[in-house]
Amino acid sequence: MAFKTIADRLAAEGHIYRPSEPKFPLKTISYILNNPVYLGNVVWRNKTYPGKHQPLIDPELFQQCQDIIKGRNRRIGKSDLELAGGLIRCSHCGQSISGEKHTQTRSDGSTVHHIYYRCANNYPSPDHPKVRWRKAELEQAIAAELAKLRIKSDDMRTLVRSTMADAFADIGTQQRKQSQSLTKRQSELKGMQDRLLNAYLANTIDESIFATKSENLKTEQTQVDRHLAQVHLIDPSRGAAALAIFDWSQNVAENWLCSNKSTRREILDTLCVNKQLNDVSLCLEMRSPFRELAQRPFFDNPHHIETSS
Ligand SMILES: [Zn+2]
């Protein structure tokens with residue numbers, strides 16, 4: 001999309017630059033799209049430093065925008081290059097990984113296609129790795145990363161699952177118990193308030209004692225009401241969701257390999273905050289709780305539990 005198209009779109013959507021000049025000038029659009037301040041940075045004497053203000057856009061989107069502006073984004077939308085187009089970034093320079101399809105003609109005249117992935121940077125620095133990844137290699141590397149989520153020992157996997165199930169079952173029981181005792185306290189407090197009022201009306205206690213005691217009862221009533229509301233904030237059915245996610249994570253590597261293209265991208269986006277590729281390795285930085293699940297030496301090494309607990 002050219003800057004002029006962006007300006008036209010903003011005008012059509014009713015965005016006004018300023019009353020005397022309603023349409024956004026092209027140089028302003030360019031300034032905004034190139035401005036690292038929106039990333040949460042500050043610029044001082046041509047150098048960029050992390051700022052203290054809230055970023056308005058995330059770095060990946062900013063980088064995609066930079067790639068497009070500088071014409072460096074060789075985004076290939078062909079359906080068989082599903083790992084291209086910004087899904088994975090080059091860990092050396094931060095550019096998108098793009099795909100290339102090479103067609104080779106054999107001596108018998110038949111053709112064979114090879115797909116490669118590499119950094120889309122057309123102006124790499126001299127020390128930039130010059131490596132292409134074969135499609136199958138990259139797919140295997142991704143599956144290997146996803147396989148880290150699986151707890152290898154069958155016994156340990158079953159134990160973790162049943163521990164989770166017990167913990168969530170316990171949440172429901174705890175909630176019921178807490179709710180019961182708080183409701184009981186609510187009616188006790190109401191009874192005490194009634195008796196206090198009767199004692200005051202019968203002139204058994206004087207006004208100042210009545211006022212103090214009544215105030216104390218009201219404070220406790222407010223606290224009990226608040227606790228009761230909080231008890232119900234945790235939805236016990238989340239336990240079922242957590243178990244389903246755990247089961248899913250245990251087979252995600254296999255499922256990824258046999259999924260269609262859009263599901264593959266969706267799985268990677270769901271699991272990972274960052275997907276980086278260099279000349280020798282792929283690094284998938286996973287979101288919590290998958291990160292913790294992938295980095296759990298103790299699950300596959302029962303001895304570690306005995307010594308660390
Ligand atoms: Zn690169």
(request) Inspect all residues belonging to segment 76-93 and state whether any of them is modelled with pLDDT of 90 or more, more than 23 Å from the chain's Cα centre (by Cα), within 16 Å of the ligand (Cβ to nearest atom) and not in a loop (DSSP other than H, G, I, E, B). (result) no
(request) Kindly indicate whether any position in segment 156-172 is exposed (fewer than 12 other Cβ atoms within 10 Å of the Cβ), of a type outside the set (Asp, Glu), over 24 Å from the mean Cα position of the chain (by Cα) and within 16 Å of the ligand (Cβ to nearest atom). (result) no
(message) Suppose we keep only residues that are touching a residue at least 60 places away in the same chain (Cβ under 8 Å) and more than 13 Å from residue 83 (Cα to Cα) within segment 255-279. Which one would you say is nearest to the chain's Cα centre (by Cα)?
(response) 271
(request) Residues being near the ligand (Cβ under 9 Å from one of its atoms) and among the aliphatic types (A, V, I, L, M): count how many of those fall in segment 120-134. (result) 1
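Residues checked against (1) part of a helix (DSSP H, G or I); (2) within 26 Å of residue 262 (Cα to Cα); (3) more than 16 Å from the ligand (Cβ to nearest atom):
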site: 99; (1), (2), (3): no, yes, no
site: 118; (1), (2), (3): no, yes, no
site: 149; (1), (2), (3): no, yes, yes
site: 175; (1), (2), (3): yes, no, yes
site: 178; (1), (2), (3): yes, no, yes
site: 184; (1), (2), (3): yes, no, yes
site: 188; (1), (2), (3): yes, no, yes
(message) Among the listed residues 17, 49, 38, identify the single one that is surrounded by 12 or more Cβ atoms within 10 Å (Cβ to Cβ) and at pLDDT below 80.
(response) 38
(message) Given the criteria surrounded by fewer than 15 Cβ atoms within 10 Å (Cβ to Cβ), within 30 Å of residue 293 (Cα to Cα) and without any contact (Cβ under 8 Å) to a residue 60 or more places away in the chain, does residue 201 qualify?
(response) no
(message) Just checking, does segment 114-123 include any residue being over 30 Å from the mean Cα position of the chain (by Cα), loosely packed, with under 11 Cβ neighbours inside 10 Å and not assigned by TED's automatic domain parsing to the domain that holds residue 218?
(response) yes
(message) Condition check: in contact (Cβ under 8 Å) with a residue 40 or more places away in the chain and out of contact with any strand residue (DSSP E or B) (no Cβ under 8 Å at 6 or more places or on another chain). Does residue 156 satisfy that?
(response) yes
(message) Tally up the residues in segment 7-60 that are in a helix (DSSP H, G or I) and either among the charged types (D, E, K, R) or without any contact (Cβ under 8 Å) to a residue 24 or more places away in the chain (or both), please.
(response) 15
(message) Any residue at all in segment 103-112 that's in contact (Cβ under 8 Å) with a residue 12 or more places away in the chain and either among the basic types (Lys, Arg) or away from the ligand (no atom under 16 Å from the Cβ) (or both)?
(response) no
(message) Being small (Gly, Ala, Ser), surrounded by 11 or more Cβ atoms within 10 Å (Cβ to Cβ) and over 30 Å from residue 251 (Cβ atoms) narrows it down to one residue among 179, 187; which is it?
(response) 179
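The values are calculated or read from the model by the stated rules, or taken from the named source; none is laboratory data. Since this is a predicted model, take the numbers as computed values, not measurements. A quick note on method: Cβ atoms are made from the backbone with ideal geometry, for glycine too, and the neighbour counts reach across all protein chains shown.
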